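The next block holds one structure in the form of structure tokens; read it before the comments.
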Amino acid sequence: MNEDLYTIEVEVNGRRRSAQVPARLSLVDWLREELRLTGTHVGCEHGVCGACSVLLDGEPVRACLMYTVQASGHRVTTVEGLARSDGSLSVLQDSFCETHGLQCGYCTSGMLIAAQALLDANPNPSEAQIREAIAGNLCRCTGYQQIVEAVRLAAKRLKGAR
Amino acid sequence: MKTAPFEYARAASLAEACGLLARHGDSAKIIAGGQSLMPMMAMRLLRPAWLVDIDAVAALKFIAFERDFARTGAGTRQCALERDDTLAARVPLLRQALAFVGHVQTRNRGTIGGSLAHADPSAELPLAAQVLGARIVLRSQKGARTLDAGQFFSGPMATIARPDECLEEIHWPIWSEKRTGSAFTEISVRHGDFAMVAAAAQVALDAEGRCTRAALGLGGVGGTPLAFPKVAARLLGTRLEDAAVQEAGKAAAAESEPGSDLHASAEYRRHLARVLAARALREARDRARAA
């Protein structure tokens, strides 16, 4: 069938992107399948698992719970946008490696986005605040302990760097 | 793509949204944050031909205060309500309820109007509206009408809003009594999941510690969130001693009509109703005493 296409303009990881998309295309499908930004994972596709988390205008949201047309005129940051400009890992990403904060990696991009948003808003979070920030992201491997440690380590390192 | 095809219109104003709704009737659905609608569309429980997007209507995003009530625009995001300290001081039940609504990522998109229009009988914000007796303003090309929350919710995931109407704003009563306290509590499988049962209470005490005003409600134990004005009225004049509070919990549980599903049996839900109603009243009382 022929579906109407809608013109959108979205800033993704600092780059302006224009496209023609059907209204029903979710933001996560557009990021992964059209832009080939496959760092953002897609899990449940109805807002339960958090794997697809991205930053929308700096705030964490679920990319499976937004149609791409709704993102037009907004700024999206995916996990690819967290690394340094030379491609090396950010302090937060490196802290996940350091504390074994990932195993299979499926939840990792969503966890990084959630944790990055937390640290941007609150550079010195308590353990309870870290747990609250990642409460919407399901991990099936590490059991969350090392993820919490990773965020705590990143906060410490970032404080030292300031 | 999980969702069935639809056509999309982004409204720039409430008038434009009402015009689109008038034209497309019940083949259209309103989308704002989309946090309840999109899962239903992904599962194809809903297949609207049109989506009218009101997320860009700035006039629907506000928090304002009158003497007796707070006004929240229907398009105001849950995270904005959660962060507003004045709102938390004047309508404390809202922030208490929001702590249980989804997760950071969904509250960043989800709106107050969307949650009320979705009318999930176990959802937190409809329960808060029901308990406080919030007033809901609906707008269409024919004009506006204002309904009590009790009239607005008509059944599970159902309201009496017509297909041509858009939720415009919600009025939340402000209790002027100095010694007012409120509480929200719920039990769910995991934090942020849908509540098996939720309870909300708000009470006011006079200088002697006697209850002068009380409101109590439960979610997840009926087709709509339930308020128990008669049970609450029996608390007036008491000091909200534990015995009176427990009696109220028992009475509310007896009046509720829980069903069974995968997550909990009707019997367990009725047990939770009794325990949580009493817990919410106790916490509200303790906050009122400390105020």
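Each value in this text was obtained by applying a stated rule to the coordinates, not by laboratory testing. Quick caveat, the model's predicted, so the values are computed rather than measured. Positions of Cβ are backbone-derived with ideal geometry, glycine not excepted, and every protein chain shown enters the neighbour counts.
Counted by neighbouring Cβ atoms within 10 Å, the residues B:THR111, B:THR159 run from fewest to most as B:THR159, B:THR111. Computed over chain A, the per-residue total of -39500 (n - 2.57) for DSSP H runs of n ≥ 4 gives a 222 nm mean residue ellipticity of -8500 deg cm²/dmol, rounded to 500. So if I take the centroid of the Cα atoms in region B:265-291 and the same for region B:60-114, what is the distance between those two points in Å? Centre-to-centre (Cα) distance: 23 Å.
Which GluC sites (Glu not before Pro) does region A:1-88 hold that lie in a coil by DSSP with at most 16 other beta carbons within 10 Å? Sites meeting the loop and neighbour criteria: A:GLU3. With loop membership from DSSP and a limit of 16 other Cβ atoms within 10 Å, the longest segment of chain B without trypsin sites (Lys or Arg not before Pro) is B:68-141. For B:SER260 and A:ALA161, the FRET efficiency from 1/(1 + (r/R0)^6), where r spans their Cβ atoms and R0 equals 56 Å, is about 0.55.
Taking 7 Å steps out from each Cα toward its Cβ at B:SER176 and A:ARG16 produces label points 5.5 nm apart.
Rounded, prolate or oblate: which fits region B:7-53 when a ≥ b ≥ c are the square roots of the eigenvalues of the alpha-carbon gyration tensor, with rounded for a/c under 1.5 and prolate only if a/b beats b/c? Cα axes put region B:7-53 in the oblate bin.
Counting only other chain Cβ atoms within 10 Å of each residue's Cβ, the peptide A:47-53 averages 4. Expressed per residue, the C-alpha convex hull volume of the protein assembly as shown stands at 152 Å³.
Axis of helix A:145-161 versus longest Cα principal axis of chain A: the two differ by about 80°, to the nearest ten degrees.
If a spin label sat at a point 7 angstrom from the Cα of B:ALA49 along the line to its beta carbon, no backbone N atom of region B:114-147 would be nearer than 14 Å. Annotation: amide H of B:ILE31 within the under-5 Å range of B:VAL52, B:ASP53, B:ILE54, sequence separation 5 or more or interchain, hydrogens built in the peptide plane.
Considering only alpha-carbon pairs that sit under 8 angstrom and 6 or more positions apart, the relative contact order computed for region B:59-173 is 29 percent. The amide H of B:LEU240, built 1.01 Å from its N in the peptide plane, has B:CYS211 as neighbours under 5 Å, considering only residues 5 or more places off or on other chains.
Rank the residues B:ILE31, B:ILE54 as a footprinting-exposure proxy: fewest other Cβ atoms within 10 Å of their Cβ go first.
Values: B:ILE31 26, B:ILE54 31.
Fewest to most other Cβ atoms nearby, the residues stand as B:ILE31, B:ILE54.
Each label point was placed 7 Å from the Cα along the Cα-to-Cβ direction; for B:PHE65 and A:ASP94 their separation is 4.7 nm. The count of lysine pairs in the protein assembly as shown whose Cα atoms are under 21 Å apart, excluding pairs fewer than 8 places apart on the same chain, comes to 4. Backbone phi angles across region B:190-202, fed through the Karplus curve with coefficients 6.51, -1.76 and 1.60 (θ = phi - 60°), yield HN-Hα couplings of 10, 4, x, 6, 5, 6, 6, 9, 10, 9, 9, 8, 9 Hz in residue order; Gly and Pro are listed as x.
For B:LEU235, B:LEU46, what's the fewest-to-most ordering of other Cβ within 10 Å of each Cβ? Provide the component values of the computation, followed by the final result.
Values: B:LEU235 24, B:LEU46 16.
Exposure proxy ranking, most exposed first: B:LEU46, B:LEU235.
Amide H to amide H distances under 5 Å link B:VAL197 with B:ILE187, where only residues 5 or more positions off or on other chains count and H is placed in the peptide plane.
With a cut-off of 8 Å between alpha carbons and a minimum separation of six or more residues, what is the relative contact order of region A:32-110 in percent?
32
Place a point 7 Å from the Cα of B:HIS271 along the Cα-to-Cβ direction; which residues of region B:179-210 have their backbone N under 19 Å from it? Zone members listed by number: B:186-190, B:195-199.
A simple spin-label model places the labels of B:ALA89 and B:SER154 4.0 nm from each other, with each point 7 Å out along Cα-to-Cβ. Among B:ALA290, B:ALA277, B:PHE194, whose Cα projects farthest towards the positive end of the dipole of region B:180-290, with charges put on the beta-carbon of Lys, Arg (+1) and Asp, Glu (-1)? Of the listed residues, the answer is B:ALA290. For region A:118-162, the residues whose backbone nitrogen is under 19 Å from a point 7 Å from the Cα of A:CYS104, taken along Cα to Cβ, are A:135-148. The relative contact order of region B:7-53, computed from alpha carbon pairs under 8 Å that lie at least 6 residues apart in sequence, is 60 percent. Comparing B:ASP148, B:ASP242, B:ASP261 in a Gaussian network model of chain B (Cα springs below 10 Å), the most mobile by mean-square fluctuation is B:ASP261.
Could you give the dipole magnitude of region B:7-53 about its Cα centre, charging the beta-carbon of Lys and Arg +1 and that of Asp and Glu -1, in debye to the nearest 20? In total the dipole reaches around 140 debye. Taking each DSSP H run with n ≥ 4 as -39500 (n - 2.57) and averaging over every residue of chain B yields -10000 deg cm²/dmol at 222 nm.
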